[in-house]
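One structure is given below, encoded as structure tokens.
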Amino acid sequence: MAPAPAPAGSADQFRGQARLPRFAAPRRYELRLRPDLDACVFTGDASVVVDVSAPTRFLVLNAADLAVDRASIRFQGLAPTEVSLFEDDEILVLEFDGELPLGEGVLAMDFNGTLNDQMRGFYRSKYEYKGETKNMAVTQFEAVDARRCFPCWDEPAFKAKFKLTLEVPSELVALSNMPVACETIAGPIKTIHYEESPLMSTYLVAIVVGLFDYVEGVTSEGNKVRVYTQVGKSSQGKFALDIGVKSLNFYKDYFDTPYPLPKLDMVAIPDFAAGAMENYGLVTYREVSLLFDEQSSSASFKQNVAITVAHELAHQWFGNLVTMEWWTHLWLNEGFATWMSHLSVDSFFPQWNIWTQFLDSTTSALKLDSQAESHPIEVEIHHASEVDEIFDAISYDKGASVIRMLQSYLGAERFQKALASYIKKYAYSNAKTEDLWAVLEEVSGEPVKDLMTTWTKQQGYPVISVKLKGHDLELEQDQFLLNGTSGAGIWIVPITLGCCSHDKQKRLLLKHKHDNIKAIVSQCDSRQKGGNFWIKLNIDETGFYRVKYDDELTAALRNALQAKKLSLMDEIGIVDDAHALSIACKQTLSSLLHLLYAFRDEADYSVLSHINSVTSSVAKISIDATPDLAGDIKQLFIKLLLPPAKKLGWDPKDGESHLDAMLRPMLLVALVQLGHDKTINEGFRRFQIFFDDRNTSLLTPDTRKAAYLSVMHNVSSTNRSGYDALLKVYRKSAEGEEKLHVLGTLSSCQDKDIVLESLNLIFTDEVRNQDAYRVLGGVIIEARETAWSWLKFTSKEKEAEISQFFATRTKPGYERTLKQSLERVLINARWIEGIRGEAKLAQTVHELLHKP
């Protein structure tokens, strides 16, 4: 179908549109850029082959924060009669005297801009070299910031080829998406011409210029892989390099499609807004997401590096080779990369139990998606400023979780075959969610579109209520909301059900609000024998829903749990569902405490990680809900977490597992935060030894955060030596992880002046912008009034004040996030009221606390 002709009016007609008009599209960019790293500016020129497909007098493209030399603009030798730059819309409209010739022509222009300090567009990042602070030049274009580096059609569907040339100081390393084609040096400046790229979207173009060392490897197909680090840190890139090579080999086989580019570079950037960015062939990372040092990095950071690298390299297929047609389909990029990263890392490190840990992602998504202010996986984007908001737990974690649910429903083999077909069909092109469903339906023969549309086009998810009626099982679905109401949504739910056995599963699709499973008891006759009868829905938590059991089934499940009849994933699901039902006031806090107590002999990292999250949540809410009981509740949780902590101790053991290495610091931090005196005293003792001797084996990278929190526990304005010592550790450390740990503890103090001093560090050069959240996140609940007076933010009494504060400050970029935060305040307030209404809570706490 031929495109509709462009309207003939003025340039104003293009304002306020969600997307650029389609009557002209770029086919090839030739870009030359000259960054000045001392003056922090850049100049550039562009020649773009543009295909005009419908009669028009206009060319409309994106530009922002650029000075375009209007006199330089030419299209096929024609100068525009009018040049309009609309800042709010970030578009450049070129109007010509007459209709432009159909077909391909070249648009040329010169421009210049600033190497900004905002970590987007073409920006500067500071680093130290031989005691001197220097600037590197870096790009970060996703989602809509390529337009801040060069004028372009800055939308994913406008794929084009790119031929870049850079003019940079001769001594610097200059990287782009493609390998160097040729290089010439003229005195202090070298000119580097890069090979032409395949078809790609603007948000994936990348440039990095600075001083670097590197380590190098090669894939089974002969692709060169490098990890670039600051000078002297190349050994810290070896682990990421190993994961990078393995990931490219894994995805090549999984998608049955080779890695599309000749090389892959991964670069550690000191100032970086996200965790990492999947630029085609030149992946950029925050330093702590790429670098790993056996001596100074913790087990959890090692795992994070593996997952992050695997995630970004999955994008080279899912996102870069096949790209979403518009930001509405962002989840196709992020949900799949999240799921694929777990699939690949599980194959590299099966001992990590990564799919059990994946339930952290599912929990995160379930939490956000049970708010009225959530959004569907597929969300309409009407303005460029709205895009950043949806890089959240819905696009990443819910996206990955519903993919896991679909793979479980279809089977791993059929699912892989369909994904390989999808990648081949849409390579070097763009796709929508419906395109993926169509391929999956074709390969599997299952009604994938009808099933999955209920999960991607409507927000939220169901809670399945399960009741035993005689020998039958009654199921009912309602949209689950933490505010206690029920939404109107209905889903097609892949139900998995285990009856007295994890191995014998029953599967069905719940398509309506109600369903009935006949004669379920006869399939599980141990009930008649007074034996171990139990029923568990959502086996291994593959489904994205919660389950609420009647009292009889709840008691039976608790017995099965204590008898270790359930999988680790099932145990986690039961805990998370009970926590959510308590917050929504659908179940009592007393029942949640009884359930938690059933885990008193638990030793698994993943299960204890979720239990720790729940106990932390309950301990915090109890301070407001039942201040007289809060101390006893903390003691109950200490009783729960102390045995596994004692078993592990502070010191690593020879040959211990990766999961035990991650469990130790989690438990120690939890005990310090709960106020366990012995743990706090031991942490303080070990810190003092560490402060005098940084090489001591008494405080390993894994346990330092617990020690730092122990130090802050006793800090005050009149006793600040521990605080000053931590600041000294922060200032002297060259390790990113170490600095983050210290930053995250400095504000963990009840003393108002110390909290304010810590918060004010954010505005100094000592804290990089990307790390400010660590200081804010460390503020403990007892100091929230201090933090609120500093930032204006927190509990129910403040809700009106918060709303008023932000009423005149709302922008599309954070409006949704703000509404979600306000809703959480009200949800917690309702939970507090519910807890206060529990007559037997004190009795429950004291019974459990004094149980032998």
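The values are calculated or read from the model by the stated rules, or taken from the named source; none is laboratory data. These figures come from a predicted structure and were not determined experimentally. Here the Cβ is made from the backbone with ideal geometry for all residues, glycine too, and neighbour counts use every protein chain on show. Heads up: the accessible areas ignore ligands, DNA and RNA and are worked out on the full protein's heavy atoms, side chains in. Shrake-Rupley method; radii C 1.70, N 1.55, O 1.52, S 1.80 Å.
Structure values in brief
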read-out	value
Protein accessible area in segment 1-209, 1.4 Å probe - carbon and sulfur %	48
Positive-pole candidate from 331, 361, 215, dipole of segment 211-459, charges at beta carbon	215
Residue-normalised accessible area of the chain, given per residue in Å² at a 1.4 Å probe	39
Backbone HN-Hα couplings from phi across segment 612-618 [Karplus 6.51/-1.76/1.60, Hz, Gly and Pro as x]	4, 4, 5, 5, 4, 4, 5
Residue-wise HN-Hα coupling along segment 20-33, computed from phi with Karplus coefficients 6.51, -1.76, 1.60 (Hz; x: Gly, Pro)	6, x, 9, 6, 8, 9, x, 10, 7, 10, 10, 10, 10, 10
Relative contact order, percent, segment 566-844 [alpha-carbon distance under 8 Å, six or more residues apart]	17
Cα gyration tensor shape of segment 429-490, rounded if a/c is under 1.5, else prolate or oblate by comparing a/b with b/c	oblate
Whole-number percent relative contact order across the chain, with pairs defined as alpha carbons under 8 Å at least 6 apart	8
R0 of 60 Å, Cβ-Cβ distance residue 628-residue 19: FRET efficiency to nearest 0.05	0.55
Per-selection Rg to Rh, segment 76-126 - Cα, Kirkwood hydrodynamic radius	1.11
Carbon + sulfur, % of accessible area of segment 211-459 - ligands and nucleic acids excluded, 1.4 Å	48
Partner aspartates and glutamates for residue 518 [C-alpha distance under 13 Å; skip if fewer than 8 residues away on the same chain]	472, 474
Ratio Rg/Rh, restricted to segment 155-239 and using Cα atoms, in which Rh is the Kirkwood radius	1.01
5 angstrom amide H check on residue 56, placed H, neighbours 5+ away	100
Bins of 10 Å, starting at 0 and running to the largest distance - Cα pair percent for the chain	2, 12, 20, 24, 21, 13, 6, 2, 0, 0
Using θ = phi - 60° and Karplus 6.51 cos²θ - 1.76 cosθ + 1.60, couplings along segment 85-94 (whole Hz; Gly, Pro as x)	10, 9, 5, 4, 8, 6, 10, 10, 10, 9
Given 367/647; 161/424; 511/620; 548/647; 511/840, the pairs whose alpha carbons are separated by over 29 Å	367/647; 511/620; 548/647; 511/840
Overall form of segment 566-844 per C-alpha gyration tensor (a/c, 1.5; a/b vs b/c)	oblate
Computed magnitude of the charge dipole of the chain (debye, nearest 20; Cβ of K, R +1, Cβ of D, E -1)	1760
Helix-derived mean residue ellipticity, 222 nm - over the chain, DSSP H n ≥ 4, -39500 (n - 2.57), to 500	-12000 deg cm²/dmol
Carbon and sulfur %, accessible surface of segment 656-779 computed with the full protein complex present, 1.4 Å	47
Mean separation of Cα contacts under 8 Å (6+ apart) over length of segment 48-190, as relative contact order %	22
Tensor-based shape of segment 211-459 (alpha-carbon gyration tensor, a/c under 1.5 rounded, otherwise prolate or oblate)	prolate
